[in-house]
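See below for the structure under consideration.
The values are calculated or read from the model by the stated rules, or taken from the named source; none is laboratory data. Since we're looking at a predicted model, the values are computed, not measured. Virtual Cβ from ideal backbone geometry, glycine too; neighbours counted across all protein chains shown. In case anyone asks, the SASA skips ligands and DNA or RNA and just uses the protein heavy atoms, side chains included. Shrake-Rupley method; radii C 1.70, N 1.55, O 1.52, S 1.80 Å.
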Amino acid sequence: MPKLTVDGVEVEVPAGATVLQAIEATGKEVPRFCYHDRLSIAGNCRMCLVEIKPGPPKPAASCAMPAGENMEVFTNSPMVEHARKGVMEMLLINHPLDCPICDQGGECDLQDQAMSYGGGESRYEEMKRAVPDKYMGPLVKTIMTRCIHCTRCVRFIDEIAGVPAIGALGRGGATEISTLEAGIDSELSGNIIDLCPVGALTSRPYEFVARPWELTKTESIDVMDAVGSNIRVDARGPEVLRVLPRLNEDVNEEWISDKTRFAIDGLKRQRLDTPYVRGADGRLKPTSWQAALNVVAEKLKATSPEKVAVIAGDQVDAEAMFAAKSLFEGMGVQSIDCRQDGMKIVPGTPRGGYILNEGLLGIESADRLLLIGADPRREAAVFGARIRKRWLQGGFKVGVIGKIGEQTYPTDTVTMDTAADFLAGASNSMVIVGAGALARVDGAAVLAHARSIATVNDEWCGFGVLHTAASRVAGLDLSFLPGPSGRDVNGIFEGVKSGDVETVFLLGADEIDPQDVKGAFVIYQGAVGDVGAGMADVILPGAAYTEKDGTYVNTEGRAQRAFRAVFPPGEAREDWSIFRALSEVMGAKLPFDDLANLRVQMIEKVPVLGAIDEQNRGEWGDFGQTGPISDEPFISAVQNFYMTCAVSRASPTMAKCVQEFLAVTNKEQDKAHA
């Protein structure tokens, strides 16, 4: 480990560290544009120049210079200050200097560093170079005259996203960054907006919408998949305008998926903001909360408990499910289910049988991975990038059972019969079962087989489930599952057809075929007027994930807290409070009056929901059911990455992405079949 001095302060750094990293280890700041600690070193911008002794009497790029023994580094010498001013002057030679109309204004590295390290004037009087804007799809807006060729976007798309969609054309002063006028077909493309240090790449949907100082910033959790990415929700007044990633090394590092970032415009459309009751003419009519709750209470009282069923959707918070379970179990209802896709994880399954036991970070310690019907690229895009990161380090193979689509790393085709052979010889192998595989009729047998071939010992638990629903693990933790004589989702649908189930309560459950509940009295509680609301006899308007405080548990079993960024529209209310009000109307008042009291009771019954931001392996035991496995190929639970929930289906931006990327894919498939 080399020792060197930085401005007279001695520091010891790991072998292979750069001078820039050594400087930052002392707490000093080094200006840079091209360097990023998660990307390969390019050395393009030269802004990180420092003086190094012994060495030639000229400044050196600290990002590309290995730290050496007995080096003396000077970060603020006259030579360095003069060099930085010169570099900044060169970077601004062709820059349009349009800060007042730039969407990056106020959050621009170039703007900040020009103030801190640049000179007061430019000696350049010639005409500036102009570069035509490039088309990069419906998500990323370009103003390429601003580009300084730091190549952060090129390196991110190639190295982390794994889609070589951006490159450099030309040489020297004629260099241009381009996609050859094609959209960036990646689930992570929006991250290049955050990486761009100069405003050459900005958010197309957010263009000219707001300035950063106008926004109220709220730290929260994403619910568009089961990764639980840490996000910041930026709002102005009652409207969510932007979602950005927050740093969490264990979960999403500093990336988020495009659906997380851009689907928020779906929160503005088709919102349920007042209660509705279906009249005698068959039409839904707005009504008061009291009237709607009275209708629901009368219907539930008039129906025997065995003829009532409750289904929770994919984005429901733990508090809402706890309140619903407390209310309906108190009535004697046993047909409750959080598995609206029919997943075959049954009551009594130990926690280790339905979470990703080694965590999302654990993949970086694995030496072999087997995916059974799991499609990380589309089901959990950020986790897919972490798998690619591990593959790039070498000594790692990925096997796939099923038809899950192209990944961003090489995969080997494996069968259930050869799965054990594929994993043989690996010390830290990982078996991940997808939600699509577990939702099949033989899902229990798939689960049992995956358990039998997984490596499990005191140091390593190589079994995991890749969920697609943000609410699923919390629902399983809460045992939001059928009681001893209750029906699961498929049983509920059969009961509706036979007349044995008369009333169905849908808590944010929109992934259901209306024909499956036709003939039942349907009560829908949710935030967006999607499938569930369309078939309801009573609608109780709830709050979206940005409009309430809630607990979510991600696919690795990590409980995290989301916080309210804006208030629900109109008369919509938080889900737990609706159940509290309904219980009072029914004369069976729930024993909590506020969220804090509810959480105390919830955590008392399920302690893991109070272990915020902790991830541990689950209890291990028997789960699944040995039996035959169908020859039908496993397919992903997500066929359309851009539209997986009511919010994303209501998003105009996601609709543009479907038209841009999936329509082309479908045409190619049609040609291939022809």
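For region 161-176, a residue qualifies if it is among the β-branched types (Val, Ile, Thr) and touching a Cys at 6+ places or on another chain (Cβ under 8 Å), and exactly one does: ILE166. Is it the case that VAL243 is assigned to a strand (DSSP E or B), closer than 16 Å to SER651 by Cβ and in contact with a Leu (Cβ under 9 Å, 6 or more places away or on another chain)? The answer is no for VAL243.
Can you tell me which residues in region 258-310 are under 28 Å from PRO238 (Cβ atoms) and in contact with a Gly (Cβ under 8 Å, 6 or more places away or on another chain)?
As a first pass, look at region 258-310 and keep what is under 28 Å from PRO238 (Cβ atoms): 258-277, 284-293, 296.
If the condition is that a residue be under 28 Å from PRO238 (Cβ atoms) and in contact with a Gly (Cβ under 8 Å, 6 or more places away or on another chain), then ASP258, ARG261, PHE262, GLN270, ARG271, LEU272, ASP273, THR274, LYS285 are the ones that fit.
Yes or no: ARG378 within 24 Å of the chain's Cα centre (by Cα), open to solvent by 50 Å² or more (accessible area, probe 1.4 Å) and under 30 Å from LEU609 (Cβ atoms)? So that I can check it myself, show each step before the final result.
Working: within 24 Å of the chain's Cα centre (by Cα): yes; open to solvent by 50 Å² or more (accessible area, probe 1.4 Å): yes; under 30 Å from LEU609 (Cβ atoms): yes.
For ARG378, the condition - within 24 Å of the chain's Cα centre (by Cα), open to solvent by 50 Å² or more (accessible area, probe 1.4 Å) and under 30 Å from LEU609 (Cβ atoms) - is met.
Checking the structure you have, find out if any residue of region 154-161 is more than 24 Å from ARG46 (Cα to Cα), open to solvent by 50 Å² or more (accessible area, probe 1.4 Å) and at pLDDT 95 or above. So far as region 154-161 goes, no, none of its residues is more than 24 Å from ARG46 (Cα to Cα), open to solvent by 50 Å² or more (accessible area, probe 1.4 Å) and at pLDDT 95 or above.
Just for region 461-477: of the residues that are open to solvent by less than 10 Å² (accessible area, probe 1.4 Å) and in a loop (DSSP other than H, G, I, E, B), which one is nearest to MET602 (Cα to Cα)? Filtering region 461-477 for residues that are open to solvent by less than 10 Å² (accessible area, probe 1.4 Å) and in a loop (DSSP other than H, G, I, E, B), the one nearest to MET602 (Cα to Cα) comes out as SER471.
ASP516 - would you say it is surrounded by 19 or more Cβ atoms within 10 Å (Cβ to Cβ), modelled with pLDDT of 95 or more and either touching a strand residue (DSSP E or B) at 6+ places or on another chain (Cβ under 6 Å) or not in a strand (DSSP E or B) (or both)? Full working, then the answer.
Working: surrounded by 19 or more Cβ atoms within 10 Å (Cβ to Cβ): no; modelled with pLDDT of 95 or more: yes; either touching a strand residue (DSSP E or B) at 6+ places or on another chain (Cβ under 6 Å) or not in a strand (DSSP E or B) (or both): yes.
Considered against the rule, which asks whether it is surrounded by 19 or more Cβ atoms within 10 Å (Cβ to Cβ), modelled with pLDDT of 95 or more and either touching a strand residue (DSSP E or B) at 6+ places or on another chain (Cβ under 6 Å) or not in a strand (DSSP E or B) (or both), ASP516 comes out as no.
Against the conditions (1) farther than 27 Å from ALA380 by Cβ; (2) among the hydrophobic types (A, V, I, L, M, F, W, C); (3) modelled with pLDDT of 95 or more, LEU180 satisfies every one except (3).
Restricting to region 34-43, name every residue that is out of contact with any Leu (no Cβ under 7 Å at 6 or more places or on another chain) and open to solvent by less than 70 Å² (accessible area, probe 1.4 Å).
Across region 34-43, the qualifying residues are CYS34, ARG38, LEU39, SER40, ALA42, GLY43.
Considering only residues in region 107-123 that are within 24 Å of ILE177 (Cα to Cα) and in a loop (DSSP other than H, G, I, E, B), the one that is least open to solvent (accessible area, probe 1.4 Å) turns out to be CYS108.
Scanning region 139-153 for residues that are part of a helix (DSSP H, G or I) and among the charged types (D, E, K, R), we see that the one that is surrounded by the fewest Cβ atoms within 10 Å (Cβ to Cβ) is ARG146. Check whether at least one residue in region 405-416 is open to solvent by 30 Å² or more (accessible area, probe 1.4 Å), touching a residue at least 40 places away in the same chain (Cβ under 8 Å) and at positive phi, and report yes or no. Looking for residues that are open to solvent by 30 Å² or more (accessible area, probe 1.4 Å), touching a residue at least 40 places away in the same chain (Cβ under 8 Å) and at positive phi, one finds at least one in region 405-416, hence yes.
Output the residues belonging to region 125-138 that are open to solvent by 10 Å² or more (accessible area, probe 1.4 Å) and either under 25 Å from HIS36 (Cα atoms) or not acidic (Asp, Glu) (or both).
At the first step, the residues of region 125-138 found to be open to solvent by 10 Å² or more (accessible area, probe 1.4 Å) are 125-135, 138.
Within region 125-138, MET127, LYS128, ARG129, ALA130, VAL131, PRO132, ASP133, LYS134, TYR135, PRO138 qualify.
If you take the residues in region 262-294 that are aliphatic (A, V, I, L, M) and not in a loop (DSSP other than H, G, I, E, B), which one is most open to solvent (accessible area, probe 1.4 Å)? Going through the qualifying residues, I end up with LEU284. Please tell me if PRO96 is without any contact (Cβ under 8 Å) to a residue 24 or more places away in the chain and either part of a loop (DSSP other than H, G, I, E, B) or surrounded by 14 or more Cβ atoms within 10 Å (Cβ to Cβ) (or both). Criteria not met by PRO96.
Cβ separations smaller than 7 Å between residues 6+ apart or across chains give the following pairs from region 535-547 residues that are without any contact (Cβ under 8 Å) to a residue 60 or more places away in the chain to residues that are part of a strand (DSSP E or B): MET535/VAL522; ALA543/ARG573. Among the residues of region 382-396, are any of a type in the set (Phe, Trp, Tyr) and open to solvent by less than 10 Å² (accessible area, probe 1.4 Å)? The answer is yes; a qualifying residue exists. Residues that are in contact with a strand residue (DSSP E or B) (Cβ under 6 Å, 6 or more places away or on another chain) and more than 20 Å from THR468 (Cβ to Cβ) within region 249-266 comprise just one, GLU254.
Tell me the residue from GLU81, GLU51, GLU69 that is assigned to a strand (DSSP E or B), under 20 Å from GLU24 (Cα atoms) and charged (D, E, K, R), please. Can you show your working first?
Numbers: GLU81 fails: assigned to a strand (DSSP E or B); GLU69 fails: assigned to a strand (DSSP E or B).
The conditions single out GLU51.
Taking the conditions (1) of a type in the set (D, E, K, R); (2) touching a Pro at 6+ places or on another chain (Cβ under 6 Å); (3) under 19 Å from ARG573 (Cα atoms) in turn, LYS285 satisfies each one other than (2).
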